[in-house]
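Have a look at the structure below, then the notes.
Derivation of every value follows stated rules applied to the coordinates shown; laboratory data play no part. Bear in mind the structure is a predicted one, so any value in this text is a computation, not a measurement. All Cβ positions, even for glycine, are placed from backbone atoms using ideal geometry, and neighbour counts span all protein chains on display.
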Amino acid sequence: MMARRLEKIEKEMGYCDIKLEKERRLRRQVEFLQAENEALDRFIKLYESSSLGLQQLPFEKIAQQIALERARTDKIGPFYYRAKEDFISAGVLEMVREERDILFREKEGTEGKLNSFSGFTKKRSVLEEEKNVALRSLAPTHSSKIRKVTDEFKKIEEQWNSLTEDAINLDEGIFYLARNVDYIKSARSFLITAKGSFDIESWVDANYTSDLFRHSNVGRAKEMIDGANRNLKLAQKELCCVANIKFRLDCFEPILVNVLDALFDDIFIDGRLTRCINVVESALAQSEKILSQVRQKRETLHAKLERTERIRAQLFQRFGGEKRGRVSAS
């Protein structure tokens, strides 16, 4: 009878442990999203004086001034650098404002999930005390034997919970990394199409009557790059929770600034879309490499999880109970 009672207590404690592990992951995600939102807020305040978006920039004036500077000297002049900075700032600011809104909603949703996990710390403490009372009622030799088994089980159960949650976070992270790759592929396709159909010199001669970033392949390419960056952030939100596999999150860099930098030169210096395509193709190769590496790490983690699962099953047999499956904690 006492063994069944202890088994029931252990089962309820295991359920609490699953919930508490999930709570730790969600809290980490909230912290990540909070830090990201604060960084985006600081960026917006720094550049909020740049009220113009890419659609409103005076492209005709920019082209004329750069042409005058290049006619006077072989060196690139100060207007070129100011204009490029405005161009990049306008493009990035648009994306950052949208990204901040998306990540804020993501943070609110994650906080809502987190609130549903309250109370499990207290419940587990009560169960821990019930277990200690039950063990004290047993004979010392029997109590010592059971305590040893339960301590071993607690250790392996914690590892199993951690690895299982890692697997969930990894799968979600890989989903977003794969979407990041897809978005960059789409950006490349739109830029290649634009290269074949967008005559920059004619666009200049026509006094920019056709807006570069509205209803154009170049505009669609930028939208795809924005989407790639958002999925990159969501992947980081998942991967920052993984405890048993290490990642270098600093290698997950957005590419919009580099693309806009190259695009400015393509339009106002070279007159052809080449540099920005090279930037996107390089980013695509890097993104595919990262995705492959993370998938390999998932295989490593699943091997660890399988080994832990076997040890866990053996401990269940020693404990005298039936193998307990994963309880949904979502």
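Subtract the Cα-Cα distance of Glu288 and Leu114 from 0.36 nm times their separation in residues, and report this length gain in nm to one decimal.
Numbers: separation 174, 0.36 × 174 = 62.64 nm, distance 3.25 nm.
This chain segment gains 59.4 nm when fully extended.
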How much length is gained on full extension from Asp182 to Glu98, taking 0.36 nm per residue of separation minus their Cα-Cα distance? 28.3 nm
Please list 3J(HN,Hα) in residue order for the stretch 222-230, calculated via the Karplus relation 6.51 cos²θ - 1.76 cosθ + 1.60 where θ = phi - 60°; whole Hz, with x for glycine and proline. 5, 4, 5, 5, 4, x, 4, 5, 4
7 Å from Cα along Cα→Cβ at both Val126 and Glu69: what's the point-to-point distance in nm? 7.1 nm
Counting each pair of different Cα atoms once, what's the Kirkwood radius of the stretch 2-319 in Å, rounded to one decimal? 23.5 Å
Only sites in a loop by DSSP and with at most 14 other Cβ atoms within 10 Å count here; which trypsin sites (Lys or Arg not before Pro) in the stretch 57-86 make the cut? Lys75
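Just list whichever of Lys131/Lys155; Lys122/Lys246; Lys195/Lys222; Lys8/Lys148; Lys131/Lys304 have alpha carbons separated by over 21 Å in the model shown. Working shown, then result.
Working: Lys131/Lys155 16 Å; Lys122/Lys246 31 Å; Lys195/Lys222 14 Å; Lys8/Lys148 17 Å; Lys131/Lys304 30 Å.
Long pairs (Cα-Cα over 21 Å): Lys122/Lys246; Lys131/Lys304.
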From the backbone phi of the stretch 172-182, what are the Karplus-calculated ³J(HN,Hα) couplings (6.51 cos²θ - 1.76 cosθ + 1.60, θ = phi - 60°) in whole Hz, Gly and Pro given as x? 5, x, 5, 4, 6, 5, 5, 5, 4, 4, 4
If each of Phe79 and Arg312 carries a label point 7 Å out from its Cα toward its Cβ, how far apart are those two points in nm? 6.8 nm
